[in-house]
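Step one of this worksheet: look at the structure below.
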Amino acid sequence: MHSKALKFHLETLEAPLPSGDTLIVNAEPANYLEHLTDHNISVITHLANTAQRWISKGITAQQEVTPEQAEQKFDLIIHYATKFATENIATIGKLIQHLKPNGTWISIIPNRTGASRLKRDITKAFTQVETTSKAKCRIFQCTAEHDQKLTSKWNSLNRPKAIKNTELLTVPGVFSADKLDTGSIILTEILQQESWYGSVADLGAAYGYLSHAILNTTRQRMNNLCLYELDKRALDCAESNLTELLKDSKTKVEYHWTDVTDTVPHQRKFDTVIMNPPFHDAQDASFTLGKTFIQQAANILKPGGTMYLVANLHLPYEQSLIEYFRSHRLLIEDKGFKIFLARK
C-alpha cells in the first residue's frame, strides 16, 4: 500500500526530485526505486525481515543513523509512517535534523492507520506541505523549513522511558509501549508459579517482559535464556531491562534480532518456550503469523519440552496445537485471553 502510493507520487511529480543523498525510513524495497536510480540511498529499519529484503537488493539497512553519519545531511528523506502516532512524530523529530536546508521530506501513511492525525502533526511541524492521495494512502511532501522547537520536543520522545508502575523501559512504536499487555500479565502470573531450569526461549520477546518475570522467580535454575525479537528497538530495551537481574545470575542470556517466522537461530533444542505471538488483525482469516510461531516453537523444543502460549480468545490456534504437539491443555481463560500449556 505504502509503496504503490509512493511510486504514483514519484512518477506524477511535475518535476523529478533532484538526485543526491536519500534516506529511506521503515520502507520495504519495491518498484518505486525505479524513480531513485540516480540517488545515493541509505536505509533505516528496525525490523529484521525488512532489513533482509534490503540486503537481498544489495543495500545494507541500518537500525539508526550511524555515528559516522551524525553530521550527514540528506537531500531527500522518505518516511513510511506507522499506526503509532507517537512513533511517527518521534521519528520526524529525530531525523528532520538530517535534512538539508533545501531538502524534501515525504511521509506516506494508509488512511485507516492515522492519516488525519499525521496530517495535523505534519502541518504543525513543516512550513510548506503538499498532500496527495493514492492506493488508500495519504502522501505528504514537505520543504525542509520547520518548527525547530516542536521537532526538538518530538525528538525527546525517542528516549527510553519506564512503563507506568514498572521499571521496564520501552520506546514509541514497540509492542505494548504505553502499558503492559493484558495477555502477557495473565501469562506472567502463571509463569511465576513455575520452576525454571535448563534452556528457555522467549519468541517475540518485545522488551523482555516475560523473560524478566521468569528471571525474577525464586525457583530459577536456567542455564540459558534466548530472546528472539523482530524489532531491534524492543530487543535493545529488553537487554536494558534484564541487566540488573543478571548481575548475580549464572544464566547465560542471548538476544537474537530475527524474524521468528523465518528463522530461530539456536545451538541446541530448548526445554521450554514462552510466547505471546503477534497477529496481524482480524481481517487475516488464516491467522498465519501466530500459527507459524507455534510451529517454530515445536521445531526448537526437545521431545517432552513444553510451551506456554497466550492468545486472544478468538484466535483459532487449537488445531495447530494438535498438529505440532503431543498434548495440550487450556490453563485459563480470562479478560479476553486464553493460556495454553503444550507438550511436544
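The values are calculated or read from the model by the stated rules, or taken from the named source; none is laboratory data. This one's a predicted model, so the numbers in the text were calculated from it and none came from an experiment. Methodologically, a virtual Cβ is constructed for each residue, glycine included, from the backbone with ideal geometry; neighbour enumeration extends over all protein chains shown.
Does Glu189 fit the bill of being more than 20 Å from the chain's Cα centre (by Cα) and either surrounded by fewer than 14 Cβ atoms within 10 Å (Cβ to Cβ) or acidic (Asp, Glu) (or both)? Against the criterion (more than 20 Å from the chain's Cα centre (by Cα) and either surrounded by fewer than 14 Cβ atoms within 10 Å (Cβ to Cβ) or acidic (Asp, Glu) (or both)), Glu189 qualifies.
This table checks each residue for (1) assigned to a helix (DSSP H, G or I); (2) buried (at least 20 other Cβ atoms within 10 Å of the Cβ); (3) on the phi > 0 side of the Ramachandran plot; (4) touching a Cys at 6+ places or on another chain (Cβ under 7 Å).
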residue	(1), (2), (3), (4)
Ile41	no, no, no, no
Asn49	yes, no, no, no
Gln52	yes, no, no, no
Leu76	no, yes, no, no
Gly93	yes, yes, no, no
Lys100	no, no, no, no
Trp105	no, yes, no, yes
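Cβ separations smaller than 6 Å between residues 6+ apart or across chains give the following pairs from the stretch 163-184 residues that are part of a loop (DSSP other than H, G, I, E, B) to residues that are charged (D, E, K, R) and modelled with pLDDT of 95 or more: Val171/Arg233; Pro172/Glu87; Gly173/Glu87; Val174/Asp231; Val174/Arg233.
Conditions (1) under 24 Å from the mean Cα position of the chain (by Cα); (2) modelled with pLDDT under 95; (3) under 18 Å from His46 (Cβ atoms), marked per residue:
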{"site": "Gln220", "(1), (2), (3)": "no, yes, no"}
{"site": "Glu229", "(1), (2), (3)": "yes, no, yes"}
{"site": "Leu235", "(1), (2), (3)": "yes, no, yes"}
{"site": "Ser240", "(1), (2), (3)": "yes, no, yes"}
{"site": "Tyr255", "(1), (2), (3)": "yes, no, yes"}
{"site": "Val264", "(1), (2), (3)": "yes, no, no"}
{"site": "Ile274", "(1), (2), (3)": "yes, no, no"}
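Of the numbered criteria (1) closer than 19 Å to Asp181 by Cα; (2) assigned to a loop (DSSP other than H, G, I, E, B); (3) among the hydrophobic types (A, V, I, L, M, F, W, C), the one Val260 fails is (1). When the stretch 1-20 is filtered for residues that are within 26 Å of the chain's Cα centre (by Cα) and not in a helix (DSSP H, G or I), only Met1 remains.
When residues in the stretch 107-152 are screened for being in a helix (DSSP H, G or I), surrounded by fewer than 19 Cβ atoms within 10 Å (Cβ to Cβ) and either out of contact with any strand residue (DSSP E or B) (no Cβ under 7 Å at 6 or more places or on another chain) or in contact (Cβ under 8 Å) with a residue 24 or more places away in the chain (or both), 11 of them pass.
A count restricted to the stretch 297-344 and to residues that are out of contact with any Lys or Arg (no Cβ under 9 Å at 6 or more places or on another chain) and among the β-branched types (Val, Ile, Thr) stands at 2.
Out of Leu289, Leu330, I need the residue that is in the same structural domain as Ile186 (by TED's automatic domain parsing), in a strand (DSSP E or B) and not charged (D, E, K, R). Which one? The conditions single out Leu330.
Screening the candidates Thr143, Thr151, Thr123, Thr166 for the property of being in contact with a helix residue (DSSP H, G or I) (Cβ under 7 Å, 6 or more places away or on another chain) and of a type in the set (Val, Ile, Thr) yields one hit, Thr151. Cβ separations smaller than 8 Å between residues 6+ apart or across chains give no pair from the stretch 236-254 residues that are not assigned by TED's automatic domain parsing to the domain that holds Leu168 to residues that are among the polar types (S, T, N, Q).
If you go through the stretch 169-191 and keep only what is touching a helix residue (DSSP H, G or I) at 6+ places or on another chain (Cβ under 6 Å) and within 24 Å of Lys302 (Cβ to Cβ), you end up with Thr188, Leu191. Check the stretch 7-26 and report whether any residue there is surrounded by fewer than 20 Cβ atoms within 10 Å (Cβ to Cβ), in contact with a helix residue (DSSP H, G or I) (Cβ under 9 Å, 6 or more places away or on another chain), at pLDDT below 95 and closer than 22 Å to Thr258 by Cα. Looking through the stretch 7-26, none of the residues is surrounded by fewer than 20 Cβ atoms within 10 Å (Cβ to Cβ), in contact with a helix residue (DSSP H, G or I) (Cβ under 9 Å, 6 or more places away or on another chain), at pLDDT below 95 and closer than 22 Å to Thr258 by Cα. Of all residues in the stretch 54-74, those satisfying the criterion of being part of a loop (DSSP other than H, G, I, E, B) and within 16 Å of Leu95 (Cβ to Cβ) are Gln63, Glu64, Val65, Thr66, Ala70, Glu71, Gln72, Lys73. Is it true that some residue in the stretch 208-218 is β-branched (Val, Ile, Thr), without any contact (Cβ under 8 Å) to a residue 24 or more places away in the chain and surrounded by 14 or more Cβ atoms within 10 Å (Cβ to Cβ)? No, the stretch 208-218 contains no residue that is β-branched (Val, Ile, Thr), without any contact (Cβ under 8 Å) to a residue 24 or more places away in the chain and surrounded by 14 or more Cβ atoms within 10 Å (Cβ to Cβ).
Pairs are defined by a Cβ separation below 7 Å, a sequence spacing of at least 6 or placement on different chains, a first member in the stretch 287-305 that is of a type in the set (Val, Ile, Thr), and a second member that is in a helix (DSSP H, G or I); the pairs so defined are Ile294/Ser320; Ile294/Leu321; Ile294/Tyr324.
Taken as a whole, the condition of being within 15 Å of the chain's Cα centre (by Cα) and surrounded by fewer than 18 Cβ atoms within 10 Å (Cβ to Cβ) does not apply to Pro303.
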